[in-house]
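Below you'll find the structure, written out as structure tokens, and then a few comments.
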Amino acid sequence: MRILGFESSCDETGVALIEVQGDAPPRLLAHALHSQIAMHQAYGGVVPELASRDHVRRVIPLAREVLRDAGLGLADVDMVAYTQGPGLAGALLVGAGVAVSLASALGRPALPIHHLEGHLLSPFLSADPPEFPFVALLVSGGHTQLMRVDAVGDYELLGETIDDAAGEAFDKSAKLLGLPYPGGPHLARLAEFGNPEAFDLPRPLLHSGKPDFSFAGLKTAVLTQVKKLGPNVCEQSRADLAASTQAAIVECLLKKALLALKTTGLKRLVVAGGVGANRHLRETLDAACAKRGIRVHYPELQLCTDNGAMIAMAAALRVQRGLAPADAAGSFEVRPRWDLAELSSP
Ligand code: ATP
Ligand code: MG
Ligand code: FE
């Protein structure tokens, strides 16, 4: 069967087509993505109303592009999947509206997907997919969580951030350094030339003994340093501050991921979400996990941030496990706020 997946939870419109054949690993036939980053950059962040309008403009052309790339037509689509939440309500409504309308016109089922389940299962799109069970470190723009994952649809929250997400910490610090939105990748690039020990930045909750995180204090500390350095700051000091910020975030993520692996006794770590693209994070996790006999899996670099492929993949893995209701949905609702652990059966 072929599943057409739609993602529109924030500022990326994504569409993808995946083929499922029996128990074989689902195969990505085609995917297309439009990022609104350039449009929101002038505002320093995502403007929800503009995001929704742009999804409306992009979604149908992207779906056409995907079908054309796959050499297939609408009649070849057996199921439609879409991001139901969490995310921006208006943005979610665009993808959900298009997906459910299309499914209903085709007489096919429409499967709502949890956006974070998409991120979490995105490493299954790589050449070397993980095996269950594993610990998942979900590090995105809106979430920072450690989960125990025993199977598709079986997610236990081990710990999460009590304030900002890791991606948010990257973005807010980058903004203070005068870098464009979203600052994560820009800060990472600047950090390449910096000394990570130049500034002593806080690592809140590092020794809490629990797999939790707190990044709000880091942003305040970066602000203090930026003010101290003043407007005529030299390029090297900016790079040093970027490197020190990145080092603080990565150390927190590393320590807590290791703690979760230790307490669960699991030997497999899956990293997902936009911050999973960070090179320093990958190198640090790889080195620490290699020493402990732990395997680490990542999504492909370009599939760390939002995309349609991960939504179609989550749907495909659900279908293979009998976790997808076969009836066509006539109506729909979006869930801007939605905990992933709610997906697990009690
Ligand atoms: P959520 O999935 O929680 O709803 P989101 O969809 O906005 O949030 P993602 O698309 O998964 O989040 O990730 C975007 C985040 O990843 C941004 O904060 C961005 O700065 C960060 N990011 C992307 N690449 C890198 C990188 N190389 N280094 C650090 N951060 C990065
Ligand atoms: Mg985004
Ligand atoms: Fe996301």
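Values in this text are rule-based calculations from the coordinates and carry no lab data. Keep in mind that this is a model prediction, so the values were computed, not measured. So basically every Cβ, Gly included, is an ideal-geometry build from the backbone, and we count neighbours across all protein chains shown.
Assorted remarks:
- Where only DSSP H runs of four or more residues are counted, the chain gives -13500 deg cm²/dmol as its mean residue ellipticity at 222 nm, each run worth -39500 (n - 2.57).
- Lys, Arg +1 and Asp, Glu -1 on Cβ, resulting dipole of the stretch 131-298 about Cα centre, debye, nearest 20: 260
- Spin-label pair Arg64-Arg321: with each label point 7 Å from Cα along the Cα-Cβ axis, the two points sit 3.7 nm from one another.
- Full extension of the chain between Leu74 and Gln21 yields a length gain of 17.2 nm, computed as 0.36 nm times the residue separation minus the alpha carbon distance.
- In angstrom, the C-alpha Rg and Dmax of the stretch 1-91 are 14.4, 47.
- Angle in degrees between helix 216-229 and the longest Cα principal axis of the chain, rounded to the nearest 10: 50
- Shape call, the stretch 166-298: gyration tensor on alpha carbons, a/c limit 1.5: prolate
- Convex hull projection area averaged over all views, the chain, Cα basis, nm²: 17.1
- A convex hull fitted around the alpha carbon atoms of the stretch 48-156 yields 127 Å³ per residue.
- Within the shell defined by Cβ-Cβ distances under 14 Å, the residues around Ala166 carry a net charge of -1, with Lys and Arg each +1 and Asp and Glu each -1.
- With the simple spin-label model, which puts each label point 7 Å out from Cα in the Cβ direction, the Lys228 to Ala127 separation comes to 4.6 nm.
- Packing-based ranking, highest mean first, of 21-27, 280-286 given that Cβ atoms within 10 Å are counted: 280-286, 21-27
- Simple spin-label estimate for Ser331 and Ile162 in nanometres, 7 Å along Cα-Cβ: 4.2
- Residue order, fewest to most beta carbons within 10 Å, for Lys172, Lys227: Lys227, Lys172
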